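One structure is given below, encoded as structure tokens.
The values are calculated or read from the model by the stated rules, or taken from the named source; none is laboratory data. Just so we're clear, the structure is a prediction, and the values are computed from it rather than from any experiment. Note: ideal-geometry Cβ built from the backbone for every residue, glycine included; neighbour counts use all protein chains shown. Calculation scope for accessible area: heavy atoms of the full protein, side chains included, ligands and nucleic acids excluded. Shrake-Rupley method; radii C 1.70, N 1.55, O 1.52, S 1.80 Å.
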Amino acid sequence: MPIRPLSTLLINQIAAGEVVERPANVAKELIENAIDAGATRIEVLVNGGGRERLRVIDNGSGIPVDELALAVSPHATSKIDALEDLDAIATMGFRGEALASIGAVSRMILTSCTPGSSEGGRITVEGDRVDGPEPAGCPPGTTVDVHQLFARTPARRKFLKADGAETRRVRELMLRLALSHPSIAFALVSGDRTLLDLPATTEPRQRVLDVLGGELDDQLIEVDASDAEASIGIWGLVGRPAVARPTTRHLHLFLNGRPIVDRSLSHAVREAYRGLIDPGRTPTAVLFLELDPARVDVNVHPTKTEVRLRDDRLVYSRLHRAITEALAGHDLTASARFPSAEATGPATVSTRREFGARHESTQPMMPRLDGQRGFDVDEARAMMESPEAPAPSLLASTPATPVIQVHGSYIVAEDDEGVVIIDQHALHERIMFGTLLDRVLQGTLDSQRLLAPAIVETDTEQLDGLDRIGPLLARLGIEAEVMGPTSIGIHAIPVLLLERNVDIVEFMAELLAKAGSGSLPPDEEAALQEVLDMMSCRAAVKAGEQLNELEMAELLRQRDLVERSSRCPHGRPTTLRLSLEDLEKQFGRR
Ligand code: ADP
Ligand code: MG
């Protein structure tokens, strides 16, 4: 075939392939146009998942009749004018491609009226045919009516999912755009069903609740960390650890009002929750970043969900810090969950009496103080106290007073909000972790030489491991060297591990195997945290270990000093709280 220029239709259809993959992308482009036009209400109607018909109606600034033909031609835009404009994009659109592309793969009717003019206009695009503009009466604003999407591009049509699935994508896309535009009302109607009806609000928090669900109201913590000097604005709401999700669907990032997908910034959010949630979960978070548009390149990909930041490390660290600080300002103790309170109302009165009667003869519970060896308080203090204990959180409530150890594993105590139940192993693990980390970072972790080296029998993989983590071991005060073809001698270890009777040979064998098989994180700080994690787990009191009153008191005292005490380093709760309020409800006292 000789070389020929492509027809305009084919050019547009190719361009359409980049921006309009499915009905949700069409909706995205049209809604973004409506946002750029200053609309305060945007309505989307879909039939057959949007492929039969998809209509977007706005009450924005409209398009003058004599510009309608330009609006639907490729590379025509009112939003940029010169290359410099690309350096500071403040609108959602700028490529001047969307309307032309959509018209190329559907039958599109564009009707628009500018406020103040008595009459508007209409133009119809079908493939390479453009009809109009003709006069049309309409309320101020723009309606784009897209029929038979992809009818002439069957290849694309084949990849669409069932109607319901396509409609859901449209809905999700709208929810995302709605999050960052609370002052715009959004509605979605599919056939005759209203799937979305979000009233305009001046409160960004209200919009987040309308989108994510009102039940999250008391689970969201505000992040507000604008930094004039670095000219970075950060505002948002982040969920308590309890509302972290197994999928990433509740993590929403916005940059200058635009929903973005950014691995590095998502990572910053996850890192801020390190040790508060299970690493397999994703925090619930809605975060809005505002940066000088000149520092952002949104012209990376036609769909504009990826961005490039001029100073991404700075933004990463500010975001990380903002969330960390917001979380540190809140008591994150998990509340014990009851099945929804049934114990109210007349029907349950008799049950309650029976319950009381059965327990009348029970002796008052007394702390059990048996003589079994737990750990010595002074020793505990010596090993847990960091040289510079972190200041207790501003919001720390009165310290909990221990009441009793139950099943040799849990400590029950009271604080000013109710009753707390503590997993002794998980809490001690968190305390050990915090102490060890502090000391390593400050270079005050004491280590002790062993009289005779402890010998670890190893395989080649473990010997490799020793090579890989040599510097890390040195920071931890662990001296180890190869003693023979299959053995490693341990000459010195942290005093803490000795004091807690940790089996050094077992610990080192596990650590070296991990290092040798490459399952430690490559980043040294992350690897350090993981090793400290292993140490704390082995050194912490075990479930089933009896503790005396002083030992329990010491644990609780440390709980108030250490950061993130509500969760163990793996993100599991250390503490559950039954609030007085819940107790009263459950016992029918209110
Ligand atoms: P872009 O948004 O990148 O400029 P589009 O093809 O989406 O390109 O739109 C072309 C032009 O049509 C826009 O620049 C704008 O001037 C006008 N336009 C499109 N949709 C609307 C709308 N809903 N209200 C007002 N003007 C619109
Ligand atoms: Mg556009």
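List of remarks:
- For segment 382-590, the solvent-accessible area works out to 46 Å² per residue, with a probe of 1.4 Å and every protein chain left in place.
- The amide H of Thr201, built 1.01 Å from its N in the peptide plane, has Ser183, Ile184 as neighbours under 5 Å, considering only residues 5 or more places off or on other chains.
- Long-range amide H partners of Arg567 with built H, under 5 Å: Thr574
- Pairwise centroid distance, computed over Cα atoms, of segment 542-590 with segment 19-59, Å: 51
- The fraction of accessible area contributed by carbon and sulfur in segment 151-273 is 49 percent, rounded to a whole number (1.4 Å probe; ligands and nucleic acids excluded).
- From the Kirkwood radius over Cα pairs of segment 204-328, Stokes-Einstein at 37 °C and 0.692 mPa s returns a whole-number translational diffusion coefficient of 223 µm²/s.
- Taking amide H atoms as placed 1.01 Å from N in the peptide plane, the amide H of Arg281 has no partner under 5 Å among residues 5 or more positions away or on other chains.
- In degrees, nearest ten, helix 549-559 long axis to first principal axis of the chain (Cα): 30
- Each residue of segment 236-253 is assigned a 3J(HN,Hα), and the resulting list reads x, 10, 10, x, 5, x, 4, 9, 5, 10, x, 10, 8, 5, 9, 9, 10, 10 Hz, derived from the Karplus form 6.51 cos²θ - 1.76 cosθ + 1.60 (θ = phi - 60°), x at Gly and Pro.
- For segment 467-536, the fraction of 1.4 Å probe accessible surface lying on carbon and sulfur atoms is 52 percent.
- Which of Val403, Leu520, Ala539, positive extreme of dipole for segment 382-590 (C-beta unit charges): Val403
- Considering all different alpha carbon pairs of the chain, the Kirkwood hydrodynamic radius works out to 28.6 Å.
- The residue list Leu216, Cys568, Pro133 was ranked by how far each Cα lies along the charge dipole of the chain toward its positive end, using unit charges on Cβ atoms, and Pro133 comes out on top.
- Table column - 3J(HN,Hα) (Hz), segment 442-456, Karplus curve with 6.51, -1.76, 1.60, x for Gly and Pro: 8, x, 10, 7, 6, 10, 10, 7, 8, 4, 10, x, 7, 9, 9
- Loop-located GluC sites (Glu not before Pro) across segment 107-202 with a Cβ neighbour count of 14 or fewer within 10 Å are Glu119, with loop assigned by DSSP.
- Total lysine pairs under 18 Å (Cα atoms) in the chain, excluding pairs fewer than 8 apart on one chain: 4
- Between 0 and 90°, nearest 10: helix 163-179 axis offset from the chain longest Cα axis: 80
- Between the Cα long axis of helix 504-516 and the first principal axis of the chain there is an angle of about 20°, rounded to the nearest 10.
- Rounded, prolate or oblate (a/c below 1.5 giving rounded, otherwise prolate when a/b exceeds b/c) for segment 244-313 by Cα gyration tensor: prolate
- Considering helices alone, the calculated mean residue ellipticity of the chain at 222 nm is -10000 deg cm²/dmol, with DSSP H runs of length four and up weighted by -39500 (n - 2.57) and normalised per residue.
- Positive end of the dipole of the chain (Cβ unit charges, origin at the Cα centre): among Leu237, Met108, Leu550, the Cα lying farthest that way belongs to Met108.
- Shape of segment 382-590, Cα gyration tensor, a/c cut at 1.5: prolate
- Residue-normalised accessible area of segment 8-198, expressed per residue, 1.4 Å probe, Å²: 44
- For segment 8-198, the convex hull spanned by the alpha carbon atoms encloses 115 Å³ per residue.
- Peptides 506-517, 447-458, 30-41 ordered by average Cβ neighbours within 10 Å, highest first: 30-41, 506-517, 447-458
- Total charge dipole magnitude, the chain, about the Cα centre, Cβ charges on Lys, Arg, Asp, Glu only, Debye to nearest 20: 2120
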